Amino acid sequence: MSTAVDSATGVATGGTAGGGPSRAANWARRAPLLPALLLVILVTQLPFVVTIVISFMNYNAYYPNETGFTGITNFKTVLSDPQARSAILVTILLTVAVVLISLVLGLLIALLLDRRFHGRGVVRTMMITPFLIVPVAAALLWKHALYNPEYGLLNGLLRMVFGPGAVQPDWIGQHPRWAVIFAIVWQWTPFMMLILLAGLQSRPMDIIEAARIDGANNWQIFRHMTLPHLRTYIELAALLGSIYVVQNFDHVFTITSGGLGTANLPYYIYQTFYTAHDYGLASAAGVIVVVGTIIISTAALRTVFSLFKEQSR
């Protein structure tokens, strides 16, 4: 390897004979990133490796003398535990319901915001606001300000419309799952709306105008042109939303404390870890959630790549 020399100054520039940067120059550029890389590994990867190791162990804080390697026993216990199976079903139910309802509402709002009207920028900002609220704060807002049977907004509206004798339901006690679902939907609808609005604004308007000139009405344009164009965006929003909703813990813990049939997998892990102190079982359940999330993430990344390929054509 030889160093290149600047013809004007006669100073070696540290390049190779072929004009490319030397190995020392490459390391000089990458060295400042090493502390950040080590921090990411320590904060994310090392705890996950420890979790995987503990998931194969009998590790209960109540029985410290019985700690040892058990193989896949913890995974079998999680998959055979009735509470764990119920948590898996509740997780699937919450995820599917939240994603579908958020997608429909997000699409309707995106269609409205795609139109030109006075104050559209202010309305868009207001519609995004729920997504920016801390999840615990949003759950507390729904639990106390809206669902409370004594002073909640929902029952207050019922009294206002139907009079003092109107039925005052206990929203959380009578409809616990729907109470959690609608609270999550309120926070995740803006996320769906943003993605779908971006898709609507990327439509080829010249083709749509040509279809209008040919006599196509709004429903025909929406069904045969807008929806096919939004297909990739809908898939992307559904997959990314599923990744986050499947890990939701704040709303379940805050609104129902996992009771009344609303305990999902994240709450099951919390209960196993915090209450039972069975770290091996909780770690196995956590690994199962991570594996499921990775599968969904892989599908989401493939959708993103296909979206980029279509836009680059």
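The values are calculated or read from the model by the stated rules, or taken from the named source; none is laboratory data. What you see is a predicted model; the values in this text were computed from it and never measured. Cβ atoms come from the backbone with ideal geometry, glycine included; neighbour counts cover every protein chain shown. Side chains are part of the model used for accessible areas, which takes the heavy atoms of the whole protein and leaves out ligands, DNA and RNA. Shrake-Rupley method; radii C 1.70, N 1.55, O 1.52, S 1.80 Å.
Points worth noting:
- Subset of the range 255-276 [surrounded by fewer than 20 Cβ atoms within 10 Å (Cβ to Cβ) and touching a residue at least 24 places away in the same chain (Cβ under 8 Å)]: Gly259, Leu260, Gly261, Ala276
- Pairing each residue of the range 164-188 that is closer than 23 Å to Leu239 by Cβ with any residue that is surrounded by fewer than 22 Cβ atoms within 10 Å (Cβ to Cβ) and of a type in the set (Lys, Arg), provided the two are 6+ apart or on different chains, yields C-beta distances under 9 Å for Ala183/Lys143.
- Meets criteria (β-branched (Val, Ile, Thr), on the phi < 0 side of the Ramachandran plot, loosely packed, with under 13 Cβ neighbours inside 10 Å and at pLDDT 80 or above) for Val291: yes
- Residue match in the range 200-218 (condition: at pLDDT 85 or above and open to solvent by less than 20 Å² (accessible area, probe 1.4 Å)): yes
- Filter result (over 30 Å from Ile181 (Cβ atoms), open to solvent by less than 70 Å² (accessible area, probe 1.4 Å) and not in a helix (DSSP H, G or I)) within the range 41-96: Phe56, Met57, Asn58, Asn60, Ala61, Thr67, Gly68, Thr70, Gly71
- Selected residue (only one of Ile181, Ile234 is under 23 Å from Ile296 (Cβ atoms), open to solvent by 40 Å² or more (accessible area, probe 1.4 Å) and in contact with a helix residue (DSSP H, G or I) (Cβ under 9 Å, 6 or more places away or on another chain)): Ile234
- Just one of the listed residues (Leu154, Leu158) is more than 15 Å from Ser102 (Cα to Cα), in contact with a Phe, Trp or Tyr (Cβ under 8 Å, 6 or more places away or on another chain) and open to solvent by 40 Å² or more (accessible area, probe 1.4 Å), and it is Leu154.
- Only a single criterion out of (1) at pLDDT 85 or above; (2) in a helix (DSSP H, G or I); (3) buried (at least 19 other Cβ atoms within 10 Å of the Cβ) is not satisfied by Leu239, namely (1).
- When the range 114-134 is filtered for residues that are in a helix (DSSP H, G or I) and either touching a Cys at 6+ places or on another chain (Cβ under 6 Å) or surrounded by fewer than 18 Cβ atoms within 10 Å (Cβ to Cβ) (or both), the ones remaining, listed by number, are Arg120, Gly121, Val122, Val123, Arg124, Thr125, Met126, Ile128, Thr129, Pro130, Phe131, Leu132.
- Which numbered condition Arg120 misses (of (1) within 23 Å of Ser202 (Cα to Cα); (2) at pLDDT 85 or above; (3) more than 18 Å from the chain's Cα centre (by Cα)): (2)
- Residues in the range 195-225 that are closer than 29 Å to Ile92 by Cα and either polar (S, T, N, Q) or touching a Phe, Trp or Tyr at 6+ places or on another chain (Cβ under 8 Å) (or both): 4 in all.
- Restricting the range 151-163 to residues that are out of contact with any His (no Cβ under 8 Å at 6 or more places or on another chain) and in contact (Cβ under 8 Å) with a residue 12 or more places away in the chain leaves a set whose member that is farthest from Val246 (Cα to Cα) is Asn155.
- Going through (1) open to solvent by less than 30 Å² (accessible area, probe 1.4 Å); (2) under 21 Å from Val246 (Cβ atoms) one by one, Ala110 falls short only on (2).
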